[in-house]
Amino acid sequence: VASKGDFYDTLASAGIKNGPLFQTVERVYLTEKEMLGEFNLSFSAKGYLAHPALLEGALQLFNLFNESPLMLTGCDSFILYAPLENHIYAYYEPANLKLLTPKGQLLAEIKGMHYRAMTQALFAPER
């Protein structure tokens, strides 16, 4: 089990720094091939189908499996079945992500996620 602090310390050491509003992870449960993350917004997501802070947190899960950070560059499919709530779970197995209510209702599904290694060159200003 990884706590919120452990999760964001791991991301920060890889160069990924999220501000307080985007630190939605509460805890992460890990195995060798899959993980389950619990996410909470500290404010209301009313008016959003999928609040960006929740999506960002859930999409960062895959970085716990990699020694160098990756950036999501696309997916084969994204299906939103219902608006994301303030408190959700994200189940990740390589290349696929399911977003669930605390009772297990499927809210969204991302299949066939594609990644690219993040390098300093991606963030360097053009000359």
Exercise for the section: Test each condition in (1) open to solvent by 60 Å² or more (accessible area, probe 1.4 Å); (2) assigned to a loop (DSSP other than H, G, I, E, B); (3) hydrophobic (A, V, I, L, M, F, W, C) for Ile16 and report the one that comes out false. Expected result: (1)
Practice task
Can you confirm whether segment 49-60 contains a residue that is assigned to a loop (DSSP other than H, G, I, E, B) and open to solvent by 60 Å² or more (accessible area, probe 1.4 Å)?
Solution key: yes
Exercise for the section: Would you be able to say whether some residue in segment 53-76 is β-branched (Val, Ile, Thr) and touching an Asp or Glu at 6+ places or on another chain (Cβ under 6 Å)? Expected result: no
Fill in the blank from the handout: Of (1) surrounded by 12 or more Cβ atoms within 10 Å (Cβ to Cβ); (2) outside any strand (DSSP E or B), Phe78 fails just (2)
Practice task
Could you run through segment 3-51 and say how many residues are acidic (Asp, Glu) and touching a strand residue (DSSP E or B) at 6+ places or on another chain (Cβ under 6 Å)?
Solution key: 3
Handout entry: Residues that are part of a strand (DSSP E or B), surrounded by 14 or more Cβ atoms within 10 Å (Cβ to Cβ) and hydrophobic (A, V, I, L, M, F, W, C), drawn from segment 88-106
Key = Ile88, Ala90, Leu97, Leu99, Leu100
Handout entry: Within segment 15-33, tally of residues that are free of Cβ contacts under 8 Å to residues at least 60 places away in the same chain and either over 21 Å from Ile88 (Cα atoms) or in contact with a His (Cβ under 8 Å, 6 or more places away or on another chain) (or both)
Key = 2
Fill in the blank from the handout: Residues in segment 65-96 that are within 12 Å of the chain's Cα centre (by Cα) and under 14 Å from Glu38 (Cβ atoms) total 5
Practice task
Go through Glu109, Glu85, Glu67, Glu32 for me and flag whichever is over 25 Å from Ser3 (Cβ atoms) and open to solvent by 20 Å² or more (accessible area, probe 1.4 Å).
Solution key: Glu109
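The values are calculated or read from the model by the stated rules, or taken from the named source; none is laboratory data. As the structure is a prediction and not an experimental result, all values here were calculated from the model. When we count neighbours, we look across all protein chains shown, and the Cβ atoms used for this are built from the backbone with ideal geometry, even at glycine. Surface accessibility is based on the protein's heavy atoms, side chains included, excluding ligands, DNA and RNA. Shrake-Rupley method; radii C 1.70, N 1.55, O 1.52, S 1.80 Å.
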